[in-house]
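Before any comments, here is the structure.
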Amino acid sequence: MEVIITPSAREASAEAARIAAALIRGKRRAVLGLATGSTPLGFYDELAAMHARGEIDFAEVMTFNLDEYVGLGPDHPQSYAFFMREHFFSRVNIAHWRTHVPNGLAVDIPAHCVAYETAIAEAGGIDLQLLGVGTDGHIGFNEPSSSLGSRTRLKTLSERTVTDNARHFASAEEVPRHVITMGVGTILDARRCLVLAFGKQKAAAVAAMVEGPITADVPASALQFHAACTLLVDEAAAAKLKRVDYYRWVCANKPAWQRA
Ligand code: F6R
């Protein structure tokens, strides 16, 4: 896994946006896998700013979000569909039909999950998957003990994730207990993964993801199997990594052709 440590979340978000923009410029019909939460807000701001300056065109891009709360429709302010419209889709030139977020109101959830996987496959697979990490080591909403080969399905949130996400709701009781999430296997199928993690509350999960054993106990550790995974972290989130000197050395000695 490539580990890039930046002085602040702002620099990491700008670098992640630069990577996404380079992909889109090289492939107009790029398929992006997107995440919600606090972590990618700066990334969406950067992409929206690049679009406003005329630097990227999203007209032919297609997107698939990682997850959605079961029971929340797209007009619920805490739904991820709402989040995506507010923070990204409404700020760039992407047609609604090209964006996909799992349907939290699906009546037949297993059938909806199969259809979501089929839609990703029919789009040609995900070129770049953006990810945040939970303090418990989840990616998407694949909580500890998730199968590392899992596909899109219903999951029950851990108590820790309910507590972490309660800040977006009036109380922890209002946080839905169930979600639809891409599986770890779905995420590993993306051609490139870009993981963002900021702040000291993510330091333990980041260390376990990068340097710990590969285990369903830390679903993010499955990314060690991915052939093209880049982690962008600020100093605080990197604080528990053991090989920081090596990661910095690799960045400083990157061949010129890899910097492009
Ligand atoms: C969100 C998602 C989650 C978050 C993770 C971190 O779509 O899939 O895995 O990335 O819970 O959330 P924040 O960024 O709020 O710390």
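Restricting attention to the range 137-165, the residues that are away from the ligand (no atom under 12 Å from the Cβ), assigned to a loop (DSSP other than H, G, I, E, B) and surrounded by fewer than 23 Cβ atoms within 10 Å (Cβ to Cβ) total 7.
Yes/no matrix, rows are residues, columns are (1) touching a strand residue (DSSP E or B) at 6+ places or on another chain (Cβ under 7 Å); (2) on the phi < 0 side of the Ramachandran plot; (3) within 16 Å of the ligand (Cβ to nearest atom):
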residue: N93; (1), (2), (3): no, yes, no
residue: V107; (1), (2), (3): no, yes, no
residue: L131; (1), (2), (3): yes, yes, yes
residue: T135; (1), (2), (3): no, yes, yes
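Say whether the condition of being among the acidic types (D, E) and either surrounded by 14 or more Cβ atoms within 10 Å (Cβ to Cβ) or in contact with a Leu (Cβ under 9 Å, 6 or more places away or on another chain) (or both) is met by at least one residue in the range 70-92. No, because not a single residue in the range 70-92 is among the acidic types (D, E) and either surrounded by 14 or more Cβ atoms within 10 Å (Cβ to Cβ) or in contact with a Leu (Cβ under 9 Å, 6 or more places away or on another chain) (or both). What residue, of I126, I120, is among the hydrophobic types (A, V, I, L, M, F, W, C), in a loop (DSSP other than H, G, I, E, B) and surrounded by 17 or more Cβ atoms within 10 Å (Cβ to Cβ)? When all the criteria are applied, what remains is I126.
Only one of the listed residues (V195, V210, V206, V233) is in contact with a Cys (Cβ under 9 Å, 6 or more places away or on another chain), within 21 Å of E11 (Cα to Cα) and surrounded by 23 or more Cβ atoms within 10 Å (Cβ to Cβ). That residue is V195.
Taken together, the values in this text are just the output of simple stated rules run on the coordinates, not laboratory data. Just so it is clear, the model here is predicted, and its values are computed rather than measured. Because the Cβ atoms are built from the backbone with ideal geometry, glycine has one as well, and the counts that use them run over all protein chains shown.
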